[in-house]
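A short worksheet on the structure shown next.
What follows is calculated from the coordinates using simple rules that are stated; it is not laboratory data. Predicted model, so just to flag it, every value in this text is computed and none were measured. Don't worry about glycine lacking a Cβ; one is built from the backbone with ideal geometry, like all the others, and counts go over all protein chains shown.
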Amino acid sequence: MKNINELLGTKYPLIQGGMANIATAELASAVSNAGGLGLIGAGGYDVNWVRTEIRKCKALTDQPFGVNIMLMSPHAKDIAQLVIDEGVKIVTTGAGSPGIYMDAWKQAGIKVIPVVPSVALAIRMERAGADAVVAEGTESGGHIGELTTMALIPQVSSAVSIPVIAAGGIADQRGVLAAFALGAKGVQVGTILLATKECPIHENYKKVILEAKDTDTVVTGRNTGAPVRVIKNKMAVEYLRIAQLGLPLAEMEKLTLGSLRKAVFDGDIDNGSFMAGQISGLIKEVKTVKEVLSDLFDHIDQYKASLEVL
Ligand code: TUI
C-alpha cells in the first residue's frame, strides 16, 4: 500500500478539511507550504470563484494542493469539469457520492479521495477507483455522518485496501497516534486550522473556537437529512426549535449556508453558524499553520515512546 506522503507529495500525512466559505487559496497555500495537503473548499461557490482561487493558489505555493467539492452544491458538476481543465492533481469530495465523476477524473490522472461516513460508501468508492478515502467521524464540524471516529476508522480500514485517512476529533499528537492505531495512514483536520493566523475567518469565529468547551457543539439539520455540527449559540438553539415545526428543506438549508457566511465574514456571534468539531474544547490559542502541523507531527516518536500504558 502506498504511503500517504508519496500519494499526496507531502511532508506530513495530513489533509486540510475542505471547509466551505473558509478554505480559500490563502489557507490552502499556507497548509501546502507547511508540508500538508491544502485544499480549496468549493462549498457553494460557482465555477468562477473556484477558478480564481485555484489560480491564486498556484501563485502562492509550488507544493501540491487540491480542491474539495461539496456535492450538494448546484455547481458541483461544473466544478467537477473545472478541476480537469485547470490540471488540479487531487480532489476530495463531501456531502454525497462522487460516483458519476470518477471515470472522468481518473482519466485526467486526478487522485480522488472521497470523504465517507460509512463502510458501505468506502467500499463503493474503492470499487469506483478512489485512491484513498477520508473516513470522517461524527465528532467533526459541519455536515456529518452518524459513526464516531473510534468506531468508523477500524471498520473502514478492515473493509478496504486503499489507504484510510481519519477525520473527526483530531487536534494533537494523541489524536494522530490514535488514528494510526485504529488503522488510518493519515489524518484530515479542520477545527484546529480555524485557530490559525492564516485562516481567513472573522476574529470572532476564532474567539468562539478558543472559548468553546467540550460540550459546546450541537447538531442541527437532523430532521432534514443534512446534520451539521455547529457551536451552540442563539442561532443553533433557534434552528433546533423551528426544526420541530417542519419547515420545507430548502428553507432550512438557506438558513444554514446563509448563517455560515454570517459567522465567517461578519463574526455575527448570535446569528452565525459556527461550524466546528467536538475537539474545539482542546484548542486554546491561535498559532501559525506551520506551528500547528509541527505540533501534530514533529518528535511524535518521542511522544509515542512516552506512552507507557502496557
Ligand atoms: O461534507 C462534509 N462537511 C461539510 S459540507 C458543508 S457545507 C453544507 N452546509 C449546510 C448543509 C450541508 C452542507 C459543511 N461541512 N464532510 C464530508 C462528509 N460527507 N460528511 C458526511 C458526508 C457524507 C454523507 C452522506 C458523504 C456521503 C453521504 O452519502 C452519500 C450517498 O449517496 O450514499
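Calculate the dipole size of the stretch 203-280 relative to its Cα centre from +1 charges on Lys and Arg beta carbons and -1 charges on Asp and Glu beta carbons; express the result in debye to the nearest 20.
120 debye
³J(HN,Hα) across the stretch 16-27 via Karplus (A = 6.51, B = -1.76, C = 1.60, θ = phi - 60°), whole Hz, x for Gly/Pro?
Rounded to whole hertz, the list is 7, x, x, 2, 4, 6, 10, 7, 8, 4, 4, 6.
Pick out, in residue order, every one of the trypsin sites (Lys or Arg not before Pro) in the stretch 127-229 that is DSSP loop and has at most 15 other C-beta atoms within 10 Å; say none if there are none.
197, 213
Taking 0.36 nm per residue of sequence separation and subtracting the Cα-Cα distance, how much length would be gained by fully extending the chain between residue 204 and residue 150, in nm to one decimal?
Fully extending the segment from residue 204 to residue 150 adds 16.3 nm.
Based on the alpha-carbon gyration tensor of the stretch 147-284 and its eigenvalue square roots a ≥ b ≥ c, which shape applies: rounded if a/c is under 1.5, prolate if not and a/b is larger than b/c, or oblate?
Oblate.
Please report the relative contact order for the stretch 203-280, taking Cα pairs under 8 Å with a sequence separation of at least 6, and give it as a percent rounded to a whole number. Let's see the in-between values first.
Working: 103 pairs, mean separation 30.9, N = 78.
Contact order relative to length: 40 percent.
Add -39500 (n - 2.57) for each DSSP H run of 4 or more in the chain, then divide by its residues: what number comes out at 222 nm, to the nearest 500 deg cm²/dmol?
After summing the helix terms and dividing by residue count, I get -11500 deg cm²/dmol.
Roughly how many whole Å is it from the C-alpha centroid of the stretch 147-179 to that of the stretch 25-90?
A separation of 24 Å, based on Cα centres.
Once the dipole of the stretch 160-310 is set up with Lys and Arg at +1 and Asp and Glu at -1 on Cβ about the Cα centre, which of 252, 165, 307 lies farthest towards its positive end?
My answer, from the dipole projection, is 252.
How big is the antiparallel share of DSSP beta bridges in the chain, given as a percent to the nearest 5?
20 percent
Give the residue list of GluC sites (Glu not before Pro) in the stretch 111-162 that are DSSP loop and have at most 13 other beta-carbon atoms within 10 angstrom. The partial results should precede the final answer.
On the way: sites: 126, 136, 139, 146; in loops: 139, 146.
Those satisfying the criteria are 146.
Defining a contact as two alpha carbons under 8 Å apart and six or more residues distant in sequence, what relative contact order in percent does the chain show?
Answer for the chain is 16 percent.
Among the listed pairs 58/197; 56/111; 262/287; 58/304, give every one whose C-alpha distance is greater than 27 Å.
On the way: 58/197 21 Å; 56/111 21 Å; 262/287 24 Å; 58/304 36 Å.
Over 27 Å Cα-Cα: 58/304.
Using a Cα-Cα cut-off of under 15 Å, which aspartates and glutamates could be cross-linked to residue 11, ignoring same-chain neighbours fewer than 8 residues away?
Filter leaves 62, 291, 295, 298.
Cα atoms only: what Rg and Dmax, in Å, come out for the stretch 203-280?
11.8, 34
R0 = 35 Å: FRET efficiency of residue 108 with residue 172, Cβ-based, nearest 0.05?
Taking R0 as 35 Å, the efficiency between residue 108 and residue 172 is 0.45.
Please say if the chain is rounded, prolate or oblate, where rounded means a/c under 1.5 for a ≥ b ≥ c the square roots of the C-alpha gyration tensor eigenvalues, and otherwise the choice is prolate for a/b larger than b/c and oblate otherwise?
rounded
Under a point spin-label approximation (7 Å from Cα along Cα-to-Cβ), what is the residue 302-residue 213 distance to one decimal in nm?
3.3 nm
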